[in-house]
Amino acid sequence: MTDESRAADAPRRGSKRGRRRKPRSTRKKVLVVTAWTAAGVAVLGGTGLGYVYFKLNGNIKGVDINAALGTDRPMDVDNGSQDILVLGSDSRSGDNAKYGKDEGAARSDTAMIVHVYKGHKKASVVSIPRDTLISRPECATDDGGTAPGGQRQMFNTAYEVGGPACAVKTVEKMSGIRMDHYVEVDFTGFKKLIDTLGGVDITTKKDIRDKDSHLNLDAGTHTLDGEQALGLVRTRHGVGDGSDLGRIQLQQAFIKALLDQVKDVGVFSNPKKLFDLANDATSAITTDSDLNDVKSLASFANGLKGIGAGDMKMVTLPIQYDPNDPNRVLPLEEADQQVWDALRADRAIPKSATEKSAGDKGDVGDVVAGH
């Protein structure tokens, strides 16, 4: 059986062991909206040409989640599905310094759980608001110490205190679902990938003005370059109620537009563009160590390539505003459990799970739509 056929129908992974790279102590800002596309175009690099293979292989950064978490994880349910944590951090280190200054350690600015159903024809995406107050577990730190857990901790502090492994551990404790893979994408990689694609078409139904994300769009149809696309997915003051919930909905709308457009790029007829896309994608991402080589990433991506925008159900984790702090949100525990139970059983998320959630009641759908 080939690697590609295994990726399309293989049972969930997570038990693989071997020599892996240690996580880097400094994290670049990552953008969730590129992760899916990065994995998708990475398959183009697995063509076997020596230079191409070693060039792309050297681009990918790996984090050893399995070694860091050991056996303190949910059971690996073998039902043919996969769960991927796609994470962003708010670091402004390196090339991302132009977007602001770090305030302490990096935090997870954006997080999505991508559940790929058995058969790899459909997916559900659950966004976790960064300001959600949760019970954070105890986590190991990069310096060999231990960060204590705690109640009413913001979700994005998990990445701050313990990096990717703590973020995965926190998600697994919340959901009871084992994450098969982990993916990050940084600011600079996101911009380059969008520019190489030739931009993304977006129609704004209202003007968007946000000085913080440097976005200034009139109502109408636009082909956004990398810098503009980055501004769109970072904006929070230009749409909805100005909260992170509006930004999440904007990101979800952009992902669907991006997935629709990437199908029409025609890279197979343009070898240079094909290489540039694969180079940008592999340079942009940090993965778990099961995916940190071109062969593994290509095999994984090949199993996802049939999933388009219309095959994805995107929701925000059911939440309510914290009555004690309007800048924070609280999980709706019963509704959240409906979401986790559905994904664990490889079923569609029921509509009843999100009916009472504040996270899916914004007006972003009245602001932006794919072209």
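The helices (runs of 4 or more DSSP H) found entirely in segment 155-241 that carry 1 or more residues being over 27 Å from LEU274 (Cβ atoms) are 157-175, 226-234. Scanning segment 123-145 for residues that are open to solvent by 10 Å² or more (accessible area, probe 1.4 Å), hydroxyl-bearing (Ser, Thr, Tyr) and modelled with pLDDT under 95 yields one hit, THR141.
Any residue at all in segment 203-214 that is within 22 Å of GLN261 (Cα to Cα), of a type in the set (Gly, Ala, Ser) and open to solvent by less than 60 Å² (accessible area, probe 1.4 Å)? No - not one qualifying residue is present in segment 203-214.
Annotation: of all residues in segment 179-206 being over 16 Å from the mean Cα position of the chain (by Cα) and charged (D, E, K, R), the one that is nearest to ALA284 (Cα to Cα) is LYS192. When GLY226, GLY246, GLY231, GLY176 are checked against the criterion of being at negative phi and in contact with a Phe, Trp or Tyr (Cβ under 8 Å, 6 or more places away or on another chain), a single residue qualifies: GLY226. Yes or no: LEU332 open to solvent by less than 10 Å² (accessible area, probe 1.4 Å) and not acidic (Asp, Glu)? No: the conditions fail for LEU332. If you filter segment 345-371 down to residues that are in a loop (DSSP other than H, G, I, E, B) and at pLDDT below 75, you find that the one that is nearest to GLY119 (Cα to Cα) is HIS371.
May I ask you to list the residues in segment 310-334 that are of a type outside the set (Lys, Arg) and touching an Asp or Glu at 6+ places or on another chain (Cβ under 7 Å)? Listed by number, the residues that qualify are VAL315, THR316, LEU317, PRO318, ASN327, VAL329, LEU330.
Taking segment 155-193 as the range and being touching a strand residue (DSSP E or B) at 6+ places or on another chain (Cβ under 7 Å) and acidic (Asp, Glu) as the test, the residues that pass are ASP180, GLU184, ASP186. Tell me which residues, restricted to segment 333-362, are farther than 15 Å from LYS313 by Cβ and charged (D, E, K, R). Matches in segment 333-362: GLU333, GLU334, ASP336, ASP341, ARG344, LYS356, LYS361. Inside segment 302-360, residues that are touching a residue at least 40 places away in the same chain (Cβ under 8 Å), touching a helix residue (DSSP H, G or I) at 6+ places or on another chain (Cβ under 8 Å), farther than 25 Å from LYS121 by Cα and of a type in the set (Lys, Arg) make up a count of 0.
Can you pull out the residues in segment 215-240 that are open to solvent by less than 10 Å² (accessible area, probe 1.4 Å) and small (Gly, Ala, Ser)? Of everything in segment 215-240, those that are open to solvent by less than 10 Å² (accessible area, probe 1.4 Å) and small (Gly, Ala, Ser) turn out to be GLY226, ALA229, GLY231. Please determine, by comparing only the residues of segment 292-325 that are within 15 Å of the chain's Cα centre (by Cα) and either at pLDDT 90 or above or assigned to a strand (DSSP E or B) (or both), which one is surrounded by the most Cβ atoms within 10 Å (Cβ to Cβ). Top of the filtered list is LEU317. Against the conditions (1) closer than 17 Å to TYR182 by Cα; (2) modelled with pLDDT of 90 or more; (3) in a loop (DSSP other than H, G, I, E, B), MET112 satisfies every one except (3).
Within segment 213-225, residues that are within 14 Å of LEU250 (Cβ to Cβ) sit with their Cβ atoms under 6 Å from residues that are charged (D, E, K, R) and buried (at least 20 other Cβ atoms within 10 Å of the Cβ), at 6+ positions apart or across chains, in these pairs: SER213/ARG234.
The values are calculated or read from the model by the stated rules, or taken from the named source; none is laboratory data. Every value quoted in this text rests on a predicted model; they were computed, and no experiment measured them. Please note: Cβ atoms are built from the backbone with ideal geometry, for glycine as well, and neighbour counts cover all protein chains shown. These area figures cover heavy atoms from the full protein model, side chains too; ligands, DNA and RNA do not enter into them. Shrake-Rupley method; radii C 1.70, N 1.55, O 1.52, S 1.80 Å.
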